[in-house]
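A quick write-up on the structure given underneath.
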Amino acid sequence: MEERSSDIIEIKDSSVNVRELMEEIESRLARRPVSKEELERLSRWKFSPQSPEGYREFDAAETAHLFEKGISPPKFTNPKFKYIRGPIRWLFIKLIELYAFLDKKLSENRTRAFYSVLNELILLRGDHEKLKRKFEKFYNEFVELNYTLKKEISPEFVWSNEFLYEEETLEESETLILSRLNPGDSVLAINPEWGKFLKQLLKAQIEFKAVTWNKSQYSYIKENITNSVSLLSFEEVLPESPLPSKIISNTNLCLLPNWVLEKLFKSLASKTSSGTEFIFRYSNYSNRMVSPFQPILLTQISESAFREFLQKLGFKNIVDTKAGDGFSVFSFRK
């Protein structure tokens, strides 16, 4: 096992079963309390290969070293060689060294060809990295253009109205979000739909500000629940800084279009200060099984890609909690 940095641990021994190692780590974590910092560090571990026969990351310097190393005489640590002693062992070692020398001299053309191929691989790898960076830049520009062209969601019926006529009871994942808030917290509730969750914040005497992008929902919340709500456009997405120390959203993120989510999280990364805590929830599947009419899910979220996306934006301490109602609650910090 070789530790390449404080964040990445790479296993190069093909005899190590990475799957069994991960299962052992998970079983030990389940037996003792783990801090958010430890979970964040473990989530960045990289094991290579994924299986004893798997592919591991290409290292040009190591590959060249192994190619030049050639044949080495045995160290006679294997019990099978215990009978080879004295002059016979010395002669055996010299024969192997002579063969290694002759093989190196006879394969000079092969060595030159190898280094030519290795050099080409290094150049191709560099071009590949440049293409990745250009693609990422192009994708970011595409997201901004997509957002510019779609400044509103139309038709409006794609927005969820499932909580408008429902009883004022919270689901397990919403209760989990509420349990992480205290009366003294400064809270910003993003896209609270028709305000059912805001009523629970009022009951818990938690001061908050709410932001919505839907005129109908804004009017409903303003008239029936609270005045602490703002109607913003997708050009703004979030209020001006400074923002509260806790930012939450009880809405299923999958009910929002992908371009809205891209704009939202990039705005959170740029407008919030260090130490800000975020709590969001999502489910890729409808959880309203009591009705034959299910709400539209506009976006599907990949958990691993979502985590990587948040890390690239500079967020840390990313913790995913699975709730019994089918939702995943993601909490993280700036």
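The values are calculated or read from the model by the stated rules, or taken from the named source; none is laboratory data. Just so we're clear, the structure is a prediction, and the values are computed from it rather than from any experiment. FYI the Cβ positions are ideal-geometry reconstructions off the backbone, even for glycines, and counts take in every protein chain you see. Quick note on the areas: whole protein, heavy atoms, side chains included, nothing else; ligands and nucleic acids left out. Shrake-Rupley method; radii C 1.70, N 1.55, O 1.52, S 1.80 Å.
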Q.
Computing the accessible area with a 1.4 Å probe over protein heavy atoms, can you report the carbon and sulfur percentage for region 157-331?
A. 51 percent
Q) Listed here are the pairs K134/K271; K130/K271; K134/K312; K130/K266; K222/K271; which of them are more than 20 Å apart at the Cα? A) K134/K271; K130/K271; K130/K266; K222/K271
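Between I93 and A113, 0.36 nm times their residue separation minus their Cα-Cα distance comes to what? Present the calculation step by step, with values, prior to reporting the outcome.
Working: separation 20, 0.36 × 20 = 7.20 nm, distance 2.93 nm.
That works out to 4.3 nm of additional length.
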Q: Could you provide, to the nearest whole Å², the per residue accessible area of region 186-334 with probe 1.4 Å?
A: 43 Å²
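Using a Förster distance of 22 Å, how high is the FRET efficiency between Q205 and N227, based on the Cβ-Cβ distance and rounded to 0.05? Show your work: numbers first, answer last.
On the way: r = 16 Å, r/R0 = 0.74.
The value I calculate is 0.85.
Quick one: net charge of L123's neighbours, Cβ under 12 Å, K/R +1, D/E -1?
Values: positive: R125, K130; negative: E120, D127, E129.
That works out to -1.
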Q. Given H placed 1.01 Å from N in the peptide plane, which residues other than close sequence neighbours of S230 have an amide H under 5 Å from its amide H?
A. A210, V211, T212
